[in-house]
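What follows is a set of notes on a single structure, which appears directly below.
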Amino acid sequence: MMGKKDKRHEVEKVLDVDASMQGSMIFKDPVNLRINGRFEGTLNTKGNLMIGEHAVINADITGDSIIIAGKINGTVHALKELKLISPACVLGDIRTPLLSVAEGAVLEGNCRMLAKSKADFGTRENSLTAEELAKYLEVSPSMIADWVNSGKLPAMKEGDGWRFDRSKVDEWVAEGKIK
């Protein structure tokens, strides 16, 4: 029937914000988010994020695919791609495996473009050794080893040991996978 929707098709989630907001926003499910107003704090999103040309953002942002046309003061970490389109003005550091900067867009800060596998595990300052992670999670190092060896805990092999991205670990804990 034409009037019924197939339950297998996921409904596209769109959030268009044209207001002043402050705080931490975390989206665990993919969403198409567009910010046109002011935002201050921390933003962690999955899916597509569009910062409109009239938006003024003072925040650290993490997301999958990010398009910026407005003004941002803060760190931007795009896990898949980052596009700066005119009249974008980014004052801060960015990390992304794929970057596109259009004529008229401004970036004042440092840029790190890493291969996706390395980008997924963040920078050295955001990563932890197995011993540091054990202390952080208040568990034994052998428990960390068990989780890594069973494939439960996201990790990256480095030399003879493992490194863990703090944000990935925090997501893993928030999803209730720690057991």
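Got at least one residue in segment 87-96 being in contact with a His (Cβ under 9 Å, 6 or more places away or on another chain), among the basic types (Lys, Arg) and either modelled with pLDDT of 85 or more or surrounded by 13 or more Cβ atoms within 10 Å (Cβ to Cβ) (or both)?
Taking every residue of segment 87-96 in turn, at least one turns out to be in contact with a His (Cβ under 9 Å, 6 or more places away or on another chain), among the basic types (Lys, Arg) and either modelled with pLDDT of 85 or more or surrounded by 13 or more Cβ atoms within 10 Å (Cβ to Cβ) (or both).
Exactly one of (1) farther than 19 Å from Asn110 by Cα; (2) in a strand (DSSP E or B); (3) not polar (S, T, N, Q) is unmet by His54. Its number?
His54 satisfies every listed condition except (2).
Considering only residues that are free of Cβ contacts under 8 Å to residues at least 60 places away in the same chain and of a type in the set (S, T, N, Q), look in segment 45-85 and name the one that is farthest from Gly23 (Cα to Cα).
Ser65
I'm trying to understand the selection: among the residues of segment 29-65, which are of a type in the set (S, T, N, Q) and touching an Asp or Glu at 6+ places or on another chain (Cβ under 9 Å)?
Across segment 29-65, the qualifying residues are Asn32, Asn36, Thr42, Asn44, Thr45, Asn48, Asn58, Ser65.
Would you check if Asp60 is under 14 Å from the mean Cα position of the chain (by Cα) and either surrounded by fewer than 21 Cβ atoms within 10 Å (Cβ to Cβ) or at pLDDT 90 or above (or both)?
Yes; evaluated as a whole, the condition is true for this residue.
The values are calculated or read from the model by the stated rules, or taken from the named source; none is laboratory data. As the structure is a computational prediction, the values presented were derived from the model and not from experiment. For neighbour counting, all protein chains shown are included, and Cβ atoms are generated from backbone atoms with ideal geometry for every residue, glycine included.
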